[in-house]
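The values are calculated or read from the model by the stated rules, or taken from the named source; none is laboratory data. A quick note: this is a predicted structure, and the numbers were derived from the prediction, not measured. Note that each Cβ is placed from the backbone with ideal geometry, even for glycine, and that neighbours are counted across all protein chains shown. Protein only, heavy atoms only, side chains kept; ligands, DNA and RNA dropped before computing areas. Shrake-Rupley method; radii C 1.70, N 1.55, O 1.52, S 1.80 Å.
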Amino acid sequence: MMMLRTCTSRIRTRTGVVVGDSSRALSSYAIDSFSKITQKTATTFATTASTELSILGNPNGGQLTFSALSAASHCTSLPDILSLQAVFVGVADTKSESLLTVKPLNLKPSRTQESCAVSYSQNDQPIAEFFFTFGNMESNSSRGGFSYPSSAAHVPPPPLPSPADPKMANYSELLDSKMGNILAVAKHHKFVLDPEASTLYQKHANDISTDESRLTGWGGYADCKPIELKDLSFLMDCFPPPILAQEPTGWVPTISYSVNFFSKPKYNPVLVKLDFQTRIAVDGVIECDGHAWDEEDGLLATSRQMARVWKPK
């Protein structure tokens, strides 16, 4: 079983969980450089999808979402992403420049909530449409908004060993060793799984099949980038899809994708708890639900993804 390679030169530990050193410039991290945008006008931006974050040569939907969110963040006065919705209608070409056009949806600026739409196009052809809502989480918290007590939480995290526990397995390393550039995104993604709880790992590592499609563990970036709120827009676009425990296909293209954000990651973590399950699969269309928590079991975000499953030829 593969052991977790920790970023010992750039990390400290808190309650046994790996956290980041925020002194490193964010621009030096892969996700930031591969999803870089260039501002053309007040509301238009350019970007080029990277093959480094591709699956079978096709850009990962999370990468496009991350770039669109970066563009939208330039056009709001509020600091935090609260929700996003994405609909994918085409596949971006990694050899051509794409245009991101931001359209504010508020009639006037607001102190509590602002929304905008972002159109992702290439060569005058639509690729995806995004809708973002921004707010101020610290302001919401200071107002004493209602929360369930932890004992009554509706979405508790699964019990997970520390990512450094010897029984945990680095699934991204397993994929990279088996498939290499076919799943280029695996080189930059880190998913440290609990083998007993993740049926996808059981299938790929030990060829054990079950009726459940689930991926449970700690997730983050291979270069140990500290996870910020916006990074969940990439990480919640689950890779690899749990449905691969049932159907050994290489690409599960996203149809639609949504994320609701509830709190910011604490202590500059380089890994957060992630749990993804696919309970619905009908005629090649699946629905995947995801949840993310911090090390103190605080809910960070929830996601829902609809995708197609292409059978191997």
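A few comments on the model shown:
- Accessible surface for Tyr148 stands near 130 Å², nearest 10, in the context of the full protein assembly shown (1.4 Å probe).
- Area accessible to solvent at Lys203, 1.4 Å probe radius, in Å²: 50 Å²
- Within-13-Å neighbourhood charge of Phe88 [Cβ basis; K, R +1; D, E -1]: -1
- Principal semi-axes in Å for the range 60-132 [√(5λ), Cα gyration tensor, largest first]: 24, 11, 10
- Overall, the accessible surface of the range 29-82 at a probe of 1.4 angstrom is composed of carbon and sulfur to the extent of 51 percent.
- Taking Lys and Arg as +1 and Asp and Glu as -1, the other residues whose beta-carbon sits under 9 Å from that of Gln122 total -3.
- Candidate aspartates and glutamates for bridging to Lys230, where Cα separation is under 12 Å - those fewer than 8 sequence places away on the same chain excluded: Asp32, Asp80
- Computed over the range 233-313, the quotient of the alpha carbon radius of gyration and 2.2 N^0.38 Å is 1.18.
- At a probe radius of 1.4 angstrom, the accessible area of the range 50-102 per residue rounds to 36 square angstrom.
- Probe 1.4 Å - accessible area at Thr51, Å² to nearest ten: 70 Å²
- Per residue accessible area of the range 173-264, 1.4 Å probe, in Å²: 34 Å²
- Measuring against 19 Å, Cα to Cα, the residue pairs Lys225/Lys273; Lys203/Lys225; Lys225/Lys264; Lys36/Lys264; Lys225/Lys266; Lys40/Lys103 contain Lys203/Lys225; Lys36/Lys264 as the ones spanning a longer distance.
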